[in-house]
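The values are calculated or read from the model by the stated rules, or taken from the named source; none is laboratory data. Computed from a prediction, not measured in an experiment: that's the story for all the values here. Cβ coordinates were reconstructed from backbone atoms using ideal geometry, including for glycine residues, and neighbour counts include every protein chain displayed.
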Amino acid sequence: MDDYNQNGGVVREARELVESYLKPTLAVLSHTAGGDEVEVPIALLGDEVRIFKPEEIDPWRDSPRFRHGTATLLTLDSLIAHINRFKDAETVVFADNSRTAPTVTAVLDYHPGGGALDDPKPRFGKHRSHYAFPLSDEWVAWTAKNKVPMKMAAFAEFLEDRIVDVLGMIAGEDTVSEELQKYIDSLGGTSTIATPGGLMDLSRGLHVHEDAVVTEAVRLSSGEGQISFEVNHTARDQAGNKITVPNLFLIAIPIFKGNTGPLERIPARLRYRKTGEGIVFWYDLWRHERSFDLAFNDAIERVKVDTQLPVLLGKPE
């Protein structure tokens with residue numbers, strides 16, 4: 001019996017020792033840096049020290065410790081309104097001018113200015129406004145096919161689908177920039193610009209001669225092209241089986257969705273080449289990247305003016 005009691009006492013003492021060792025002890029770790037004293041709650045559990053994350057305590061707070069999160073805005077107006085609602089003296093706007101995925105991001109709680117020796121108090125930079133410019137369907141369609149050779153039928157279908165984007169110049173009323181006019185003059189002048197109706201005539205002619213054999217493809221003195229076909233009697237047209245190809249047309253399209261300003265006028269040089277499989281067509285958009293840059297810069301200038309904040313080209317850290 002004495003041995004039993006003695007052994008039981010040993011077991012009990014061992015259990016109490018283990019329980020005491022594993023019993024968590026709450027403490028506060030104090031740290032001073034940059035003049036600020038930070039107290040961090042910790043738990044001691046045996047040899048383990050667990051540090052509690054601030055967000056684990058947030059549900060018991062009356063209000064968040066600071067603002068955080070990124071608002072994704074769907075219009076430029078909404079972006080500006082969100083920035084103005086939460087901005088302060090240190091807010092900075094970053095603009096990414098990627099031509100495939102342009103964006104604007106405002107870091108509402110950005111670091112204050114000053115060098116390291118000035119000992120500015122950094123901020124978290126976790127409260128942000130973000131806007132991804134939605135590229136217009138017109139811009140996406142025309143840039144996707146830019147400089148892409150297409151067979152006659154495919155090119156004709158493309159023209160028919162996008163004919164509403166083609167600009168019909170009205171003599172004496174429509175004007176273009178001096179630079180664009182110089183380009184037009186170098187290709188034969190305003191009279192050589194194809195009208196929407198002229199492109200539709202071209203499209204119909206291409207459909208008629210889809211399966212015809214090309215006998216000749218020449219460039220006329222006017223700058224236009226002329227293609228001759230060898231076809232059977234049923235496929236002949238009133239032009240004697242010849243299709244006149246204009247060398248230039250203009251499109252008027254928005255760069256971004258929701259655009260309420262003037263449309264961008266972009267010239268397209270119409271090209272074709274005779275191949276072993278027939279004629280292929282394509283077009284070259286003239287300096288369309290510049291049109292994108294101008295539209296993007298106009299939008300960024302509006303953000304800068306309406307928010308009265310600095311705008312930097314790039315992405316925030």
Residues satisfying the stated conditions in the range 87-144, i.e. within 30 Å of Glu160 (Cβ to Cβ) and touching a Ser or Thr at 6+ places or on another chain (Cβ under 7 Å): Phe133
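Residues that are basic (Lys, Arg), modelled with pLDDT of 95 or more and surrounded by 13 or more Cβ atoms within 10 Å (Cβ to Cβ), at least 3 per element: which strands (runs of 3 or more DSSP E) completely within the range 260-317 meet that?
Working: elements: 264-275, 278-285, 311-313.
No strands (runs of 3 or more DSSP E) qualify here.
Conditions tested, residue by residue: (1) farther than 26 Å from Asn259 by Cα; (2) surrounded by fewer than 16 Cβ atoms within 10 Å (Cβ to Cβ); (3) touching a residue at least 12 places away in the same chain (Cβ under 8 Å).
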| position | (1), (2), (3) |
| --- | --- |
| Gly125 | yes, no, yes |
| Ser136 | no, no, yes |
| Trp142 | no, no, yes |
| Lys145 | no, no, yes |
| Phe155 | yes, no, yes |
| Val166 | no, no, yes |
| Glu178 | no, yes, no |
| Ile184 | yes, no, yes |
| Thr190 | yes, yes, yes |
Restricted to the range 57-103 and to residues being farther than 29 Å from Pro120 by Cβ and among the hydroxyl-bearing types (Ser, Thr, Tyr), the residue surrounded by the most Cβ atoms within 10 Å (Cβ to Cβ) is Ser78
Suppose we filter the range 25-57 for residues that are under 39 Å from the mean Cα position of the chain (by Cα) and at pLDDT below 75; how many remain? 4
Would the range 244-267 turn up any residue that is among the hydroxyl-bearing types (Ser, Thr, Tyr) and more than 30 Å from Val93 (Cβ to Cβ)? yes
Which residues, taken from the range 127-163, are farther than 23 Å from Asp201 by Cβ and either part of a strand (DSSP E or B) or over 24 Å from the mean Cα position of the chain (by Cα) (or both)? His127, Arg128, Ser129, His130, Tyr131, Ala132, Leu135
Working only within the range 59-109, note down all residues that are touching a residue at least 12 places away in the same chain (Cβ under 8 Å) and part of a helix (DSSP H, G or I). Leu76, Ser78, Leu79, Ile80, His82, Ile83, Asn84, Phe86
Does the range 136-192 hold any residues that are within 21 Å of Arg290 (Cβ to Cβ) and small (Gly, Ala, Ser), and which are they? Ser136, Ala141, Ala144, Ser177, Ser186
